[in-house]
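Chemist: Okay, here's the structure, questions in a sec.
The values are calculated or read from the model by the stated rules, or taken from the named source; none is laboratory data. Keep in mind that this is a model prediction, so the values were computed, not measured. Using ideal geometry, Cβ is built from the backbone for each residue, glycine included, and neighbour counts are taken over all protein chains shown. To get the accessible areas, we keep the full protein, side chains included, count just its heavy atoms, and leave off ligands, DNA and RNA. Shrake-Rupley method; radii C 1.70, N 1.55, O 1.52, S 1.80 Å.
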Amino acid sequence: MLMKVSIVKCNDYSKVKNSIKQSLDLIGGLEKIIKPDDMVLLKVNLLMAKKPEQAVTTHPSVVKAVIQLVKEKGGIPFVGDSAGGAGLTDKAFEVSGIKKVVEEENVELLNFETTGTYRVKGLNIAKPLLDSDVVISLPKLKTHTFTFFTGAVKNFFGGIPGKQKSELHSKHQKLEDFSNMLLDIYSAVKPKLGIMDGVLGMEGDGPSNGEAVKSNIVLSSFDCIALDYVSSALIGYNPMGIATTRLAYKRKLGETENIEIAGEKIENVKIDFKKSVSEDAKENVVPIVDREKCKKCLTCISICPVNAITIINEDITFNRMKCIRCYCCSEICPEGAIGLVNV
Ligand code: SF4
Ligand code: SF4
């Protein structure tokens, strides 16, 4: 089936509501999926406690704009997610600015660590993702050290609360297995729309340790697979090199062949993001700690799925034999003290 993905330029978050509205109108409008009184969950990309300008989390202006657009169609919006580690979600909502806009708009904010889960295909998925009438994915345009690209599909990993994410990294150590698990979550949730926050993206060692880059776009599609296909192409990837997209094609979960671009042409807005150091030789790329930056908070130890991190002589130390190269430690370190090196 022909699927539209819209691309609209936006160089300033103060204008993002207009840009998102344009991008939605280009694919047929929100009214195609929202009826009055529908409960509409906005699944933001939270990850950790970072400020909006650090380009780790969905920008609060995007969240606010989509809340308002959903209200204008008569829907009842609410916002939810869980951060990377256990017990970190409330602080992440606050620091990211998402809590503030949710309060301004007087809508509900859900911490998936406290909402309970349903067991689906062996996965514990936050109840609101399965109970809502409409789920909208609001990802951030970023690279990713483990999955290379993090988009509208990967965004649903936040539907697995807290520490259980680490357990899934341990269980699905290979990228293909992990990506199939992400697609299991995605196909259980069945989101009806994805809106990509690409005004300020992240290149290099995303999703949290890269550099913010002005990419000046928003994209929308009713198909998150098609949205990821176009978004990844736009920042310089071969879309079928992204495991979730490639496997979605095999599993017939979304559109990768019949995609119509609406709005800007890809060649007019394409921006080649610097890729992660892990992309070429993952087996050789390992975490390394910057002892000057490390504050000994021990978050990395608690998140490591295979207990490969310990403290020796008062320093964070990695056991490279145990390490499965998931890079969760680097992703979650609040001080940005864990980098990756090719050894
Ligand atoms: S998470 Fe970062 S700051 Fe905390 S102990 Fe680990 S390396 Fe140090
Ligand atoms: S040390 Fe870091 S990269 Fe290695 S398994 Fe643990 S969390 Fe993953």
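Chemist: If I go through the stretch 70-87 residue by residue, how many of them are open to solvent by less than 60 Å² (accessible area, probe 1.4 Å) and among the aliphatic types (A, V, I, L, M)?
Modeler: 3
Chemist: So is residue 179 farther than 28 Å from residue 18 by Cα, modelled with pLDDT under 95 and open to solvent by less than 10 Å² (accessible area, probe 1.4 Å) or not?
Modeler: Judged against the criteria, residue 179 is not a match.
Chemist: Okay, next question. For the stretch 185-192, check the following and say yes or no: at least one residue is closer than 22 Å to residue 59 by Cα and touching a Gly at 6+ places or on another chain (Cβ under 7 Å).
Modeler: No - not one qualifying residue is present in the stretch 185-192.
Chemist: So which of 245, 317 ends up being outside any loop (DSSP other than H, G, I, E, B) and not assigned by TED's automatic domain parsing to the domain that holds residue 208?
Modeler: 317
Chemist: Got at least one residue in the stretch 295-306 being farther than 27 Å from residue 54 by Cα, within 12 Å of ligand 2 (Cβ to nearest atom) and in a loop (DSSP other than H, G, I, E, B)? Working first, answer last.
Modeler: Just the residues of the stretch 295-306 that are farther than 27 Å from residue 54 by Cα, to begin with: 306.
Then keep just the ones that are within 12 Å of ligand 2 (Cβ to nearest atom); that gives 306.
This time we only want the ones that are in a loop (DSSP other than H, G, I, E, B), so: 306.
Checked against the condition, which is being farther than 27 Å from residue 54 by Cα, within 12 Å of ligand 2 (Cβ to nearest atom) and in a loop (DSSP other than H, G, I, E, B), the stretch 295-306 yields at least one hit.
Chemist: For residue 313, all conditions in the list (1) closer than 21 Å to residue 340 by Cα; (2) at pLDDT below 95; (3) over 24 Å from the mean Cα position of the chain (by Cα) hold save one; what is the number of the exception?
Modeler: All conditions pass for residue 313, except number (1).
Chemist: What are the residue pairs meeting all of these: first residue in the stretch 138-166, first residue not assigned by TED's automatic domain parsing to the domain that holds residue 202, second residue within 16 Å of ligand 1 (Cβ to nearest atom) and open to solvent by 10 Å² or more (accessible area, probe 1.4 Å), Cβ atoms under 6 Å, and 6 or more apart or on different chains?
Modeler: none
Chemist: Of all residues in the stretch 115-145, which are at negative phi and at pLDDT below 95?
Modeler: Quick first cut of the stretch 115-145, residues at negative phi only: 115, 117-120, 123-145.
Across the stretch 115-145, the qualifying residue is only 145.
Chemist: In addition: In the list 252, 274, 265, which residue meets the criterion of being on the phi > 0 side of the Ramachandran plot, open to solvent by 60 Å² or more (accessible area, probe 1.4 Å) and more than 16 Å from ligand 1 (Cβ to nearest atom)? Outline the logic, then answer.
Modeler: Working: 274 fails: on the phi > 0 side of the Ramachandran plot; 265 fails: on the phi > 0 side of the Ramachandran plot.
Exactly one of 252, 274, 265 is on the phi > 0 side of the Ramachandran plot, open to solvent by 60 Å² or more (accessible area, probe 1.4 Å) and more than 16 Å from ligand 1 (Cβ to nearest atom), namely 252.
Chemist: Residue check, residue 321 against (1) within 10 Å of ligand 2 (Cβ to nearest atom); (2) surrounded by fewer than 22 Cβ atoms within 10 Å (Cβ to Cβ), all met but one. Which one?
Modeler: (1)
Chemist: Tell me, which residue of the stretch 324-343 that is part of a strand (DSSP E or B) and more than 10 Å from ligand 2 (Cβ to nearest atom) is surrounded by the most Cβ atoms within 10 Å (Cβ to Cβ)?
Modeler: Among them, the one singled out is 339.
Chemist: Among 213, 218, which is the only one that is open to solvent by less than 10 Å² (accessible area, probe 1.4 Å) and of a type in the set (A, V, I, L, M, F, W, C)?
Modeler: On the way: 213 fails: open to solvent by less than 10 Å² (accessible area, probe 1.4 Å).
Exactly one residue qualifies, and that residue is 218.
Chemist: Separate question: Which ones in the stretch 227-241 are open to solvent by less than 30 Å² (accessible area, probe 1.4 Å) and not in a loop (DSSP other than H, G, I, E, B)?
Modeler: 227, 228, 230, 231, 232, 233, 234, 239
Chemist: Sticking with this one: I want to confirm something. Restricting to the stretch 95-111 and keeping residues that are out of contact with any Pro (no Cβ under 6 Å at 6 or more places or on another chain) and within 11 Å of residue 77 (Cα to Cα), which single residue is least open to solvent (accessible area, probe 1.4 Å)?
Modeler: Once the filter is applied, the top-ranked residue is 102.
Chemist: Condition first: part of a helix (DSSP H, G or I) and of a type in the set (Val, Ile, Thr). Now tell me which residues in the stretch 191-226 satisfy that.
Modeler: Kept after step one, since they are part of a helix (DSSP H, G or I), are these residues of the stretch 191-226: 224-226.
The answer is 225, and nothing else.
Chemist: Please go through the stretch 233-253 and give me each residue that is touching a Leu at 6+ places or on another chain (Cβ under 9 Å) and within 21 Å of residue 157 (Cβ to Cβ), ordered by number.
Modeler: 235, 243, 244, 247, 248, 251, 253
Chemist: If you take just the strands (runs of 3 or more DSSP E) that sit entirely in the stretch 1-86, which of them hold at least 2 residues that are farther than 18 Å from residue 192 by Cα?
Modeler: Ranges flagged: 3-9.
Chemist: Can I ask one more? Pull out all pairs, ordered by first then second residue, where Cβ-Cβ is under 9 Å, the residues are six or more apart or on different chains, the first lies in the stretch 115-127 and is in contact (Cβ under 8 Å) with a residue 60 or more places away in the chain, and the second is open to solvent by 40 Å² or more (accessible area, probe 1.4 Å) and of a type in the set (Gly, Ala, Ser).
Modeler: Short answer, once both residue conditions are applied: none.
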